[in-house]
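Input: a single structure, listed below in structure tokens.
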Amino acid sequence: MDARARFRHTPSIMLLTQLAENLWMHERPLRFWGLETGTRMTIVRLHGGLFVHCPAPLSAALRTEVDALGPVRALVASSLFHHLGVQSWIDAHPHAIACACPGLERKRSDLRWDRVLGDSPEPEWRGELEQVFFAARTMENEVVFFHRDSRTMICADVVFNLARHPSRLTRLVAFLLANREPGATWLEHLMMRDRQAAREQIGRMLAWDFDRIVLSHGPIVEANGHEVLRRAYAWL
């Protein structure tokens with residue numbers, strides 16, 4: 001049995017699911033504008049501690065599982081829409097750095113932010129994670145990450161995958177938005193004001209050697225993620 005298949009058999013009673021060595025996820029329901037989309041938090045174990053991407057609200061049970069993996073080093077709210085769980089993590093792990101995508105420090109000025117992210121990896125994960133600020137999509141201002149060791153791209157909203165969501169209404173909306181396979185929707189065509197910049201930023205993501213995409217909404221892209229991203233933004 002290969003490593004990927006082994007990790008997929010993590011017991012369902014656990015709140016964290018291991019995807020690869022030093023890579024975990026946590027899934028929970030989420031309604032956005034009344035639509036059930038679900039959401040996903042990703043955790044990467046770095047040499048210096050845990051990198052928590054799009055923190056979900058922290059329950060006692062989830063904290064127990066996370067703390068068993070190692071000390072939490074960085075809390076990363078990588079998109080303007082992924083911030084609801086940050087305060088619970090700051091309370092539980094006050095020594096971890098709290099990092100916001102550009103603009104989130106103003107939108108959530110009530111939170112303690114230690115860093116505002118850009119294109120360059122922070123010292124806490126430099127050499128283990130790479131990143132691109134997808135500034136061309138200003139609605140989200142997302143910072144996208146690449147975990148080299150597991151060949152995984154980690155994102156929030158750059159890729160959606162709602163066409164096979166359990167909710168019939170969600171599937172219908174995904175169909176109407178032309179999200180019939182993992183990728184973007186027609187809304188991205190409307191939100192992209194600077195296509196030249198978008199091509200350059202997506203091009204830098206495509207320079208990464210990734211196979212898997214861990215996204216926030218919809219099933220993970222387990223393989224051929226590089227081609228999924230290329231197709232999703234071929235219209236640029």
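Read-outs throughout are calculated quantities, based only on the coordinates presented, and are distinct from any laboratory measurement. All of these numbers come straight from a predicted model, not from anything done at the bench. Cβ: placed from backbone, ideal geometry, glycine included. Neighbour counts: every protein chain shown.
Using the 10 angstrom Cβ neighbour count as an exposure proxy, how do Val66, Val143 rank, fewest first?
Val66, Val143
Neighbour counts of other C-beta atoms within 10 Å: give me Glu222, Glu130, Glu21, Glu142 arranged from fewest to most.
Glu21, Glu222, Glu130, Glu142
Quick check on the exposure proxy: order Ser120, Ser216 from fewest to most C-beta atoms within 10 angstrom.
By the 10 Å Cβ count, ascending, the order reads Ser120, Ser216.
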